[in-house]
Amino acid sequence: MAQPGRLGASSPAQNGAVSAAGPPYSNGPVQNPLMHSQVSVSQEYSSPFPGSYPHQIPAKTPLNPTSGPYNYGGSQTVSSLNSYQGPGQTLNRLPLEPNPVTPLQSTIPAPRMPPPPSSQTPATVPASSNSFLHGPEPSPSSNWQYGHPPMGSKTNNFVPISTQPSLSGNTNLSRNNQNVSFGAPSFQNNYMKTGSIPPPTNQPLPTIYQPTRAPLGPPPSGGPPPVRSLDPQRKTPNSVPPQPQLNSTVNQKGDTSTASNGSMVENSYDTIEGGGFMAAPQLTNQNPKVSRNVGYSYPSLPPGYQNTSPPTMSGRPSTALQYTSGLQPFSQSPLGANHLTTSMGGLSLHSEGLRVINLLQERNMLPTTPLKAPVPNLHEDIQKLNCNPELFRCTLTNIPQTQALLNKAKLPLGLLLHPFKDLLQLPVVTSSTIVRCRSCRTYINPFVSFLDQRRWKCNLCYRVNDVPEEFMYNPLTKVYGDPLRRPEVQNATIEFMAPSEYMLRPPQPPVYLFVFDVSHNAVETGYLNSVCQSLLDNLDSLPGNTRTKIGFITFDSTIHFYSLQEGLSQPQMLIVSDIEDVFIPMPENLLVNLNENKELIQDLLKTLPQMFTKSLETQSALGPALQSAFKLMSPTGGRISVFQTQLPSVGVGALKSREEPNQRSSAKEIHLTPSTDFYKKLALDCSGQQVAVDLFLLSGQYSDLASLGCISRYSAGSVYYYPSYHHQHNPVQVEKLQKELKRYLTRKIGFEAVMRIRCTKGLSIHTFHGNFFVRSTDLLSLPNVNPDAGYAVQMSVEENLTDIQVVSFQSALLYTSSKGERRIRVHTMCLPVVSTLNEVYLGADVQAISGLLANMAVDRSITASLSDARDALVNAVIDSLSAYRNSVLNSQQPGLLVPFPLRLFPLFVLALLKQKSFQTGTTARLDERIFAMCQVKNQPLVYLMLMTHPNLYRVDNLSDEGALNINDKTIPQPPILQLSVEKLSRDGAFLMDAGTVMMLWVGKNCGQNFLSQVLGVPNYASLPLNMTHLPDLDTAESARIGCFMSWLREHRPFFPILYIIRDESPMKATFLQYMVEDRTESALSYYEFLLHVQQQVNK
């Protein structure tokens, strides 16, 4: 068990691991759950999982028939939920031997967070439920390893989680069984900058790659990689496991299914995407009867290529990721012991990076410009090909050689991804040949090694592969030539048009179903007017083609369907009052072609807002409405958009209020876990049928978002929250809904997607964060993927990386576009490996570290307690700075000494402690806290950091100095200020950009010029108390600040409301809450926090 106050590597339930004990936001933490298939599950939920990996099927927590709802706090044994099954489906699995695991024990030290001023110290969380750490209690000097726990002699088994959640942290168990070493040749290349670490001893590269065992792919995303045993009962890589049959006419991902006509349909995304760890080296030999090959069936004709620039989304920044058009020349020397140059010896680092900062003397370390991601210490020819950090980012840009070195650093190792981000330029390759490693199925990328023009070596598993003949074709010169000129080898981000081998079924049409709450409470808010008008305005902009379908359901205490059959003069309402056993009336006319039935659809949208104005029905049957929507959508898949305004009160999924206002400010005893498993189970049904559910919650009252949010979290949907929405009393929320709906309805979308993250042999991914379902150990199921979603993963060093200079990470997202094209978007990142603790610290990415810790802290809040998560965040700073002081610094100087890359670490953690997800001492609504946690788990890093540590600008004296020029507009770039009232002055105006909200604070003595030329008022007293818009004045000052604020808003997918604040404004207290460096009644100031950290570090 663990200490409270340590954010560990994992927690008991993973999003998608269908764990009954799954925390609502933990979307991540099952440790490499490899499942034992013959476990009966009482509810008989069966999900079709990939049949090509019978030894790697995700573990699930059994549903306890005697325990009622899921215990989301996590105290049940992890077992299989292979039995996750939709209606009428059965699934059989090959048996696997479970592996006994040594019981875990620990003791709990006292948390190290001091009591906040004017508040009581939160009680220590009991040991029975708050464990992040596996193994016996470590010594104080070796606290908090971020790696996953060791697993016993056979690594290819799941870890049973007993009555405590197994959240990782300190892992000091010695491993009795080391993994078999690989016989692959050492990876050699001149990747490091000039003057780098001494070259390792390398073996000459053999002509034929002959490892001591079958080459393996990247380790799976949970737990240690499996060791090949000589047990005759184990499957060999080239053997074909018997395919279990799924008795269903509905094609689901995961196994061979029997169609209604009796024909066999291949149904495994794991096979199509190529599998992860322990993939068969030669897929073509697995079944000689198969007439096609997967991924490397090379045609005889030169393929065609595109280098297209998709049209930019409206409102997207023109300064987004720029890819060099055309191919970048890059010459890669052949590898081998005789080809190493003298460019490797000693790590060349910027002098600034070597600085040691005393934070007590140099508190103002916040840069005046946006903080950029650190640049990996790679050779410039390699670095210019590396993936953009906006898409793919690692917490450590210098990867430690061993897990012991990582443990010593006390820093988390993980990746943060924004894989489907809108890009202004994206190389797109159209080819029937997609070149991939025949062992681990990695896509060819800029960081592979070409031994000669006919052979390339995988940069993840080091397998040597043949270069197909047509890969020699140069799409620019239209002649055969050097494979190094191919776009796949020139771009770290690339998109493939997938051939038919990557399809399990014909691409689905875009299907959109809208589900509206029309109870009396919903009608009172007036939201239907805004939503229906937005739909009318954007019907023609919905992503899709001539096959696009659309449908509508409304509900109060009954369910209302709308027949839009061609030939009707007006839409026909069909009411189903039996909510206990919902059925679909006339299913063929409820989802209709958008283009063919546009007039009927427009008529319905125009009349819907008035149809229920006189309704007195106060009940809400959300659960039955969602069941109906699922039944309607399951044959095709698609997107359900549900709008809800109150607590569901009748039918399945009915909820009761759990909010206690007098406990809002407490860090304990608040209801962060779901009160029912209904929404999670339904989300898993939806995921199995390629349906995602997006939830729009518009409510002034408690609506139990902790429970409702599960419908989106586990189906890869999104949650939108508009507290106190009312069309008259809260007009700014109306504007926000309209703006965000336009983005939501018109943004790009991918259907029936799966994503796999691979990494170099020796590294292991063990925990995922985000909205998805984990289909197999490392395959994420994303029924919908959108460009505004971010993901995070935690990693460990599974095998020593002593023989290699660099490691690589690759994410592959296979999806169906709204135009019906099957596409694969691939991002690849390369990072150097280092051997000293100082180098690990010098490569730290403080923003990525803070973002990953925030995800881990949300999990910790759910599985343990809010106070425990807060203690763990503080200890993250204390442990890492203690390790730096004790292990790197030679002299014990006074003060709080930190390496330059971590100079903002204490500030960002303090900001997290004051962020709505984790703050105490406030009266924030419970739903608002839950929504903030949802955002932590689902927002890309750049937006998460902005919500945590806002940017403060002085805007009453904007100038063109250092301004950007974008589309002939001049965008001022004022310096970013520290978040302290010390930086405010009464004669100025200051803009706070907190991501989802903006606040313009106007000082009492602000200049008359700003008041009249920007705010349009004659004096300060004339400034309205509730002003939310800047007037559009014909002045240079107004144009300048208008351009600046528009530029800020265009950089994000959500619409930030602007509040203009004067001294008497009700929003002034909120503005001051964002001043994270100042002391509040319940939180320390930045300087006090630094003193506390120093006291703990110097103990």
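Gain on full extension, evaluated as 0.36 nm per residue between residue 577 and residue 890 minus their Cα-Cα distance, stands at 105.1 nm. Secondary structure note: in segment 988-1099, about 60% of the DSSP beta bridges are antiparallel. For segment 918-1057, with all protein chains in place and a probe radius of 1.4 Å, 48% of the accessible heavy-atom surface sits on carbon or sulfur. Packing order of peptides 779-785, 581-587, 675-681, 1084-1090, highest average first: 779-785, 675-681, 1084-1090, 581-587 (average count of other Cβ atoms within 10 Å over each peptide's residues). Would you work out if segment 1050-1099 is rounded, prolate or oblate? Take a ≥ b ≥ c from the square roots of the eigenvalues of the alpha-carbon gyration tensor; rounded if a/c is under 1.5, else prolate when a/b is larger than b/c, oblate otherwise. Cα axes put segment 1050-1099 in the oblate bin.
Cross-linked pairs 457/748; 739/969; 656/680; 748/1068: Cα-Cα separations exceed 27 Å for 457/748; 748/1068. Per-residue extension of 0.36 nm, minus the Cα-Cα distance of residue 545 and residue 453, leaves a gain of 28.9 nm for this segment.
For a modelled paramagnetic label at residue 1079, 7 Å from Cα along Cα-to-Cβ, no residue of segment 902-946 is in reach, as no backbone nitrogen comes under 16 Å.
The residue 383 and residue 1095 beta-carbon pair, evaluated with R₀ = 35 Å, returns a calculated FRET efficiency of approximately 0.30. Per residue, segment 963-1099 exposes an accessible area of 44 Å² to a 1.4 Å probe, with every protein chain left in place. Counting only protein heavy atoms and a 1.4 Å probe, segment 377-520 has 24 square angstrom of accessible area per residue.
Over segment 390-510, the pair-distance histogram of Cα-Cα distances with 10 Å bins from zero comes to 11, 31, 33, 19, 6, 0 percent, rounded to whole numbers. In segment 420-470, the portion of solvent-accessible area held by carbon and sulfur atoms comes to 44 percent [1.4 Å probe, whole percent, DNA, RNA and ligands not counted]. Volume of the convex hull of segment 700-761 (Cα atoms only), normalised per residue: 139 Å³. Residues of segment 537-576 with backbone nitrogen within less than 20 Å of a virtual label 7 Å along the Cα-to-Cβ line of residue 618, please, listed as ranges. Taking a point 7 Å out along Cα→Cβ of residue 618, the residues of segment 537-576 whose backbone N falls under 20 Å are 555-559. The residues of segment 682-821 expose, per residue, 17 Å² of accessible area to a 1.4 Å probe. Highest mean packing first, where packing is the average number of other Cβ atoms within 10 Å per residue, the peptides 636-645, 1027-1036, 354-363 line up as 636-645, 354-363, 1027-1036. Taking packing as the residue-averaged number of other Cβ atoms within 10 angstrom, the listed peptides 822-835, 1048-1061 run from highest to lowest as 822-835, 1048-1061. A cut-off under 15 angstrom between Cβ atoms defines the neighbours of residue 1010, and their net charge, with Lys, Arg +1 and Asp, Glu -1, is +2. Beyond 26 Å, the tail of the calculated P(r) for segment 767-880 holds 38 percent of the Cα pairs. When DSSP beta bridges are restricted to pairs lying wholly in segment 426-542, around 75% turn out antiparallel.
What a 1.4 Å probe finds exposed on segment 537-597 is 44% carbon and sulfur by accessible area, rounded to a whole percent.
Taking each residue as 0.36 nm, the span from residue 1033 to residue 430 lengthens on full extension beyond its C-alpha to C-alpha distance by 212.1 nm.
The values are calculated or read from the model by the stated rules, or taken from the named source; none is laboratory data. Since the structure is predicted, the reported quantities are computational estimates derived from the model, not experimental observations. Here Cβ is always computed from backbone atoms with ideal geometry, including for glycine, and neighbour counts include all displayed protein chains. Just so you know, the surface numbers come from the protein's heavy atoms only, side chains and all, with ligands and any DNA or RNA stripped out. Shrake-Rupley method; radii C 1.70, N 1.55, O 1.52, S 1.80 Å.
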